[in-house]
Each structure stands twice: as structure tokens, then as C-alpha cells.
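Q: Below you will find the structure I want to go over with you.
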Amino acid sequence: MRRRVVTWLVGLVLAWVAYLAVRRLVGAVDWPAVGAALVGLDAWLFAPLVVLLLVRQVLNAVPLTYYAPGLGLARSVQNDTAANLLGTFAPPPADVVVRVQMFRSWGLDPVIGMTGVSLNSAKFYVIRFIAPVLGLLALGVREAELRQWLVALASLLASAAFLVALVLVLRSDRLAAWIGRTAGRLVARVRRSVDPAAWAAYLVRLRATTADSLRRGLLPSLLALVAMVLADASIVLVCLRAFGVGPDRVPTLDVYAAFLMAYPLTLLPLFGFGVLDAVLVGSWTTVAGAAAEADVVAATVVWRVVTIVGTFVLGLLSLALWRLRHPARRAGSSGAEASGVVPPAPVPPGRTP
């Protein structure tokens, strides 16, 4: 529980820092104007936004279907959204426990299922860092500034490192153990509770259970995650257009480029809440002009509400539906019951975005 409180406090601090950054980049935000823009928003706008949110969540759930045979796309979405809800509001390992109980209620091996969750998270790191490269392409190589080139290059190297590590895990137990041990030692420098030997053993087990499915599902799952990021950016695009920030003020490619270039900031707590928002507002206001600031901020607020609150609502519905269909299965069982499938270190969230 303490970890959750710290995460939320860090998120609030980052949001305040982001607010100060926005003021420095584009001046003091005219909050009455932002409020007026939000009040004038047509209710029908939420229909396409909800559709795009569903598309994003479905794409995020695609990789897990390759690693848990028999799971299916609908159950994968249900598993992801329910775990995201509990992972945000309940103390650990509530998210892991509900995943395990769901897998068991569907007659699936929870070890295979949780291994797939870990692989999905690892692949999300690959996509998270390849996004700036895609943003550079959207921006236009000739129009990119030096700092954008440097961000894209650093991100490409990070993405390649994660991808190479995934491929090497497939080759042999010795390589898998070496990668796990090395990564564990690096993380142990900042988290003393991490056991490098446990990381090594975990990656060896990971290879044994998922080598074939990882080879088969590597490319399609990566493509699905890229499409998921683009769907997320499309939600922002619809919000901007709804608030009157048209293509004459911020071209569509500039919307996608700024979003993709800043996407590694989702590594921060609460999916980059505050910091990512400040960067996006600053980027789009610079292009559109200070007169569009209130509309840009309002669009960013709606995007956050849809993607955060909307995902929580989906998680609540998924959890309620599962409880109705499997009343004897309770997600509140002890964490010890699920400990056999818990990775040796916390796994980053696979969808929410």
C-alpha cells in the first residue's frame, strides 16, 4: 500500500513540476478559458473517443493471445484491464493474483499466462523506445532538429538493446541466465531487494515455456503494440480537432510526431502524467500559437480523462463480468498462492498506456 501512495504522491509532484514547465514554455495557463472550452464540448465527441479507446485496449491485448493458447482476444482484454485497475488502486500483488485467478477460472495454466504477461511488458519497452524513431519519420527527416535526432538515436539504441535481449533469450539457457543475472545486478544497484540469481533462474524458465510462441508471435505482437500507440495518438488528434485546433494550426503529422517523440516519458509514474502532458502542450502550442493554448490544454485534459478514467471503467466492468461468470473464484486469495508465477521483479504495466 505504501508503494501505491508513494506512486500517487510522485505523480502529483510531477504534475506540479509539469505545470511550472508549461508556464515557462507557453506562459501562464488561462484556466478560465480552458474551463470554458471544456464546458462547450459536445457530448457526442465521447462516442469516437470510446471507440478509439476500445481499439487501443484490444491492440494492447493482442500479444498475450500468442503466449497463452486458448485465452482468446476478449479474455486477454478482460485480464489486462482488470489487472490494471487493481494494480492502480489495490496493494500488490492484487494485480498478479487476479490475473492468476482469471487464468485458472478459464482452465489455463497460470504459469504460461503470467509468463506471457512478462513478455508483453518486455515488448512494450521495445515499442516505447522505437516510438521516437517513428516520430522522426512523421516529422520529416529534413525538418527534424538536432535534439530530435539525438532523442531518436538514443531511443533506437535502447529499443534495439531490449529486442536483442529478447532474441538472445531464445537461443540458449546459458545466454538467458547471463542476461537475467546481468540485468539483476544493474537493477540491484538501485534496489537492494533484487536478487540477480532469481532473475537468471526466471529467464531460464521463461525461455523453457515460451521459446516457440515468442518466435511465432514476435513480429505480429510488436506490430499490434505499434498500432496501439498510434491509436492512443489518434485519441489526442480527435480531441484537438474537437476543440478547434484544426490542421491549419497543427498539421496531423505534427500531432503524431510530437506524441511519438515524447512517448518514452510514459516510463514515469502514472504513464508520464504531468510531464508528458507538459511536453505535448508545449510542442503543439509552439506550432499553433499562444492563442490556441487553452484549446490545446483542454484537449490534453480530455485525452487524459478518456485514457485513464475510461480504462479504469473498462477494468471495473471486466472484473464485474468475470465475478458474475465465476462466482466461486475470488481474486482476494493470498499472494502466496500466486507466488509461484510472480516474476522476480515488478513488471511494468502492459497497456495502460
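The values are calculated or read from the model by the stated rules, or taken from the named source; none is laboratory data. What you see is a predicted model; the values in this text were computed from it and never measured. Here the Cβ is made from the backbone with ideal geometry for all residues, glycine too, and neighbour counts use every protein chain on show.
Q: What residue, of Val111, Val55, Val51, is closer than 20 Å to Ile308 by Cα and surrounded by fewer than 16 Cβ atoms within 10 Å (Cβ to Cβ)?
A: Val51
Q: Still on this structure, please answer the following. Which members of the range 283-296 meet the condition of being of a type in the set (Gly, Ala, Ser), crowded, with 20+ Cβ neighbours inside 10 Å and touching a residue at least 60 places away in the same chain (Cβ under 8 Å)?
A: Of everything in the range 283-296, just one residue is of a type in the set (Gly, Ala, Ser), crowded, with 20+ Cβ neighbours inside 10 Å and touching a residue at least 60 places away in the same chain (Cβ under 8 Å), namely Ala294.
Q: So which of Leu253, Leu276, Leu316 is under 14 Å from the mean Cα position of the chain (by Cα) and either at pLDDT 90 or above or not acidic (Asp, Glu) (or both)?
A: Every option except Leu276 fails the conditions.
Q: Could you look through the range 319-342, keep only residues that are touching a Ser or Thr at 6+ places or on another chain (Cβ under 9 Å) and modelled with pLDDT of 80 or more, and pick out the one that is surrounded by the fewest Cβ atoms within 10 Å (Cβ to Cβ)?
A: Only one residue fits best here, namely Arg325.
Q: What's the number of the only condition in (1) more than 23 Å from Pro63 (Cα to Cα); (2) among the small types (Gly, Ala, Ser); (3) touching a Leu at 6+ places or on another chain (Cβ under 8 Å); (4) surrounded by 15 or more Cβ atoms within 10 Å (Cβ to Cβ) that Ala94 fails to meet?
A: Of everything listed in (1) more than 23 Å from Pro63 (Cα to Cα); (2) among the small types (Gly, Ala, Ser); (3) touching a Leu at 6+ places or on another chain (Cβ under 8 Å); (4) surrounded by 15 or more Cβ atoms within 10 Å (Cβ to Cβ), Ala94 misses just condition (1).
Q: Filter the range 55-73 down to the residues that are in contact (Cβ under 8 Å) with a residue 12 or more places away in the chain and either over 18 Å from Met102 (Cβ atoms) or not in a helix (DSSP H, G or I) (or both) and list them by number.
A: Correct list: Val55, Arg56, Leu59, Ala68, Pro69, Gly70, Leu71.
Q: Give the number of residues within the range 122-137 that are surrounded by 20 or more Cβ atoms within 10 Å (Cβ to Cβ) and either modelled with pLDDT under 80 or more than 19 Å from the chain's Cα centre (by Cα) (or both).
A: Final tally of qualifying residues: 1.
Q: Under 9 Å between Cβ atoms, at least 6 apart or on separate chains: pull out the pairs that start in the range 100-121 with a residue that is at pLDDT 80 or above and end on any residue that is of a type in the set (Phe, Trp, Tyr) and not in a helix (DSSP H, G or I).
A: Within 9 Å, the pairs are Gly113/Trp106.
Q: Could you please let me know if Val22 is modelled with pLDDT of 80 or more and either in contact with a Pro (Cβ under 8 Å, 6 or more places away or on another chain) or not acidic (Asp, Glu) (or both)?
A: Answer is no for this residue.
Q: How about the range 239-255: which of its residues are surrounded by 20 or more Cβ atoms within 10 Å (Cβ to Cβ) and β-branched (Val, Ile, Thr)?
A: Val245, Val250, Val255
Q: Residue check: is Leu230 out of contact with any Asp or Glu (no Cβ under 6 Å at 6 or more places or on another chain), farther than 15 Å from Leu49 by Cα, assigned to a helix (DSSP H, G or I) and touching a residue at least 12 places away in the same chain (Cβ under 8 Å)?
A: Considered against the rule, which asks whether it is out of contact with any Asp or Glu (no Cβ under 6 Å at 6 or more places or on another chain), farther than 15 Å from Leu49 by Cα, assigned to a helix (DSSP H, G or I) and touching a residue at least 12 places away in the same chain (Cβ under 8 Å), Leu230 comes out as no.
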